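Only one structure is covered here, and it is reproduced in the block below.
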Amino acid sequence: MDVFPKYIIETRDNLGDCLIISKCTYHKHLATDVNKVKGGGWFKINHETKVITFHGESHDFGQASFEDVKACIQSGNVYGNSRLSRPILDPYKFAYDTGSEIINL
C-alpha cells in the first residue's frame with residue numbers, strides 16, 4: 001500500500017491536543033485512540049524554506065480546524081510519530097492552506 005503525508009490532532013491526557021504528522025496509508029494509523037481525534041488532513045514540506053503547510057481533510061476523521069492546528073503549534077505539541085517521541089519545531093515554520101490563502105502560523 002502507498003503511504004502519504006498526513007496529520008491528525010489527537011487529545012492526549014497528559015499533554016492536551018497534539019498535532020501528529022507522518023507518512024501513512026490511513027489517518028487512523030496515526031492515532032492511539034480514534035475516539036480522541038479532533039480531525040486531520042494532509043501536509044507538504046518545502047525543504048528549501050523549511051515550511052510545513054497543512055491542508056485538506058481526513059477521510060477517517062474530517063478536517064482539523066485552523067484554530068486547533070494553530071494551538072498545537074503555539075503550545076509546541078507537534079510530533080513526527082504517534083509515540084510523541086519525535087518533536088518537530090526547529091528549524092521548521094508552519095503554514096495553513098485554507099484553499100484560498102496560505103496563512104503563516
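Read-outs: derived from the displayed coordinates by stated rules, not from any lab. All values reported here derive from a predicted model rather than from experimental measurement. Ideal geometry is used to build each Cβ from the backbone, glycine not excepted, and the neighbour counts take in all protein chains shown.
Here are a few things to note about the model shown:
- When the GluC sites (Glu not before Pro) in the range 24-87 are filtered for DSSP coil states and for at most 12 other beta-carbon atoms within 10 Å of their beta-carbon, the remaining sites are E48.
- Ordering C24, C18 from the fewest to the most neighbouring beta carbons within 10 Å gives C24, C18.
- Only the Cβ atoms of Lys and Arg (+1) and of Asp and Glu (-1) were treated as charged; on that basis the dipole of the chain about its Cα centre amounts to roughly 280 debye.
- Fully extended contour minus Cα-Cα distance, from I45 to Q63, at 0.36 nm per residue: 4.6 nm
- Calculated log10 I(q)/I(0) by the Debye sum over Cα atoms at q = 0.17, 0.23 Å⁻¹ (choose from (i) -0.81, -1.39; (ii) -0.69, -1.33; (iii) -0.80, -1.20), label: (ii)
- Seen from E67, the other residues with C-beta closer than 12 Å to its C-beta sum to a net charge of 0, counting Lys and Arg as +1 and Asp and Glu as -1.
- Loop-exposed trypsin sites (Lys or Arg not before Pro) per DSSP, neighbour cap 15 Cβ within 10 angstrom, longest uninterrupted part of the chain: 1-49
- The range 72-86 and the range 1-52: distance between their alpha carbon centers, rounded to Å: 9
- The Cβ shell under 14 Å around K38 holds other residues with a net charge of -3, Lys and Arg each +1, Asp and Glu each -1.
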